[in-house]
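Peer 1: For reference, the structure I am asking about is given below.
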């Protein structure tokens, strides 16, 4: 059985970067990842330039909407295993308490929604943000998360009977890798 990981991408407005990350991971994750996005102060509107980047990449945009991170801090919210902040503002704000203590990393990206200039310069800012997110998500997908997946019977065995102790995100250095990916 293959594990499915829920990932939440956070930023302030939830109008561009986190929306593109949600679409990218849902598209590239091949069912192993279910991505969501939210904002600390959602704008309530998804930027058309963000949707255009997704569409140019052949990525579905149906259902993408700007929403508050409060939706993911309630008891009946999906359990989240990973949270990535994709803007500097969200990384410095106090986040709600997340059930299950997900692994977090900061993947800061300049805000294309704040870009000014000509239409071409604005389009370039969105394209650049999309490219950085695409690269980081590809690196995330290349991490050895499959080593965490053990058959249920193996997990019930006493540790002394296992050839090796069960792997954890920490023992695999996944957290350090997620932080490293955010600096690329």
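Peer 1: Can you pull out the residues in region 105-120 that are more than 21 Å from residue 134 (Cβ to Cβ) and touching a strand residue (DSSP E or B) at 6+ places or on another chain (Cβ under 8 Å)?
Peer 2: Of the residues in region 105-120, the ones more than 21 Å from residue 134 (Cβ to Cβ) are 116-119.
None; the set is empty.
Peer 1: Is it the case that residue 70 is outside any loop (DSSP other than H, G, I, E, B), modelled with pLDDT under 95 and out of contact with any helix residue (DSSP H, G or I) (no Cβ under 9 Å at 6 or more places or on another chain)?
Peer 2: yes
Peer 1: Mind telling me which of the residues 137, 122 ends up being closer than 22 Å to residue 55 by Cα, part of a helix (DSSP H, G or I), within 14 Å of the chain's Cα centre (by Cα) and modelled with pLDDT of 90 or more?
Peer 2: Working: 122 fails: within 14 Å of the chain's Cα centre (by Cα).
Criteria check complete, one pass: 137.
Peer 1: Among the residues of region 34-67, write down those that are outside any loop (DSSP other than H, G, I, E, B) and at pLDDT below 95.
Peer 2: Within region 34-67, 39 is the sole residue that qualifies.
The values are calculated or read from the model by the stated rules, or taken from the named source; none is laboratory data. Since the structure is predicted, the reported quantities are computational estimates derived from the model, not experimental observations. Quick reminder, even Gly has a Cβ in these numbers, built from the backbone with ideal geometry, and neighbours come from all protein chains shown.
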